[in-house]
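Following: one structure in structure tokens, then a few remarks.
The values are calculated or read from the model by the stated rules, or taken from the named source; none is laboratory data. Worth saying up front: this structure is predicted, and the values here are computed from it rather than measured. Heads up, the Cβs are rebuilt from the backbone with ideal geometry, glycines too, and the neighbour counts pull from every protein chain shown. Accessible surface areas use protein heavy atoms only, side chains included; no ligands, DNA or RNA. Shrake-Rupley method; radii C 1.70, N 1.55, O 1.52, S 1.80 Å.
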Amino acid sequence: MRLQTPPDPINSFNPSVLRRFRRDLLFNYSFWCSYLGHKSKIWLPEPNPGSADLHRKLLYVALYLLIWGESANLPFMPECICYIYHHMVSELNRILEDYIDENIGVLSSPPLAEKTGF
């Protein structure tokens with residue numbers, strides 16, 4: 001039995017669900033940053049209608065879940081997952097913000113591993 005009526009477009013994405021999910025999922029990372037005295041690398045612009053804010057939040061959540069999914073060898077070391085996520089978010093922000101590397105003068109891109117890189 002449904003307690004609430006479904007939203008008008010049934011296949012639309014509710015941003016408040018993502019906000020709560022991201023907050024709960026990244027709570028440990030936020031706590032880790034505050035414990036070490038580091039500033040969180042998660043950068044969210046001021047909410048504007050029609051902005052890419054939702055896309056960026058989805059990327060942060062997806063990156064954390066990808067790292068968490070590949071961390072089968074680190075099940076009892078959540079601080080390692082936070083450390084890896086901290087540095088990967090920094091790389092993601094450089095890519096999203098079209099950061100230009102001062103040393104070589106080109107856009108920042110993720111390092112590739114020869115033929116096995118994606």
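From the residues in region 55-82 that are open to solvent by 60 Å² or more (accessible area, probe 1.4 Å), of a type in the set (A, V, I, L, M, F, W, C) and touching a residue at least 24 places away in the same chain (Cβ under 8 Å), which one is nearest to V17 (Cα to Cα)?
L58
Can you name the condition, by its number, that G37 falls short on among (1) open to solvent by less than 80 Å² (accessible area, probe 1.4 Å); (2) modelled with pLDDT of 90 or more; (3) under 13 Å from the mean Cα position of the chain (by Cα)?
Of (1) open to solvent by less than 80 Å² (accessible area, probe 1.4 Å); (2) modelled with pLDDT of 90 or more; (3) under 13 Å from the mean Cα position of the chain (by Cα), only one is false for G37: (3).
So the check is Cβ under 6 Å with 6+ separation or different chains; which pairs have a first residue in region 13-30 that's under 22 Å from I84 (Cα atoms) and charged (D, E, K, R) and a second one that's part of a helix (DSSP H, G or I) and open to solvent by less than 60 Å² (accessible area, probe 1.4 Å)?
The qualifying pairs are R22/K57; R22/V61.
Would you check which residues across region 88-104 are surrounded by fewer than 16 Cβ atoms within 10 Å (Cβ to Cβ), among the charged types (D, E, K, R) and under 21 Å from the mean Cα position of the chain (by Cα) and list them?
Listed by number, the residues that qualify are E97, D98.
Select from region 69-98 the residues that are polar (S, T, N, Q) and either touching a Lys or Arg at 6+ places or on another chain (Cβ under 6 Å) or within 20 Å of L54 (Cβ to Cβ) (or both) and list them in ascending order.
Taking region 69-98 as the starting set, the residues that turn out to be polar (S, T, N, Q) are 71, 73, 90, 93.
Result: S90, N93.
Regarding region 7-22, can at least one residue be identified that is under 22 Å from E91 (Cα atoms), loosely packed, with under 11 Cβ neighbours inside 10 Å and modelled with pLDDT under 90?
Checked region 7-22: no residue is under 22 Å from E91 (Cα atoms), loosely packed, with under 11 Cβ neighbours inside 10 Å and modelled with pLDDT under 90.
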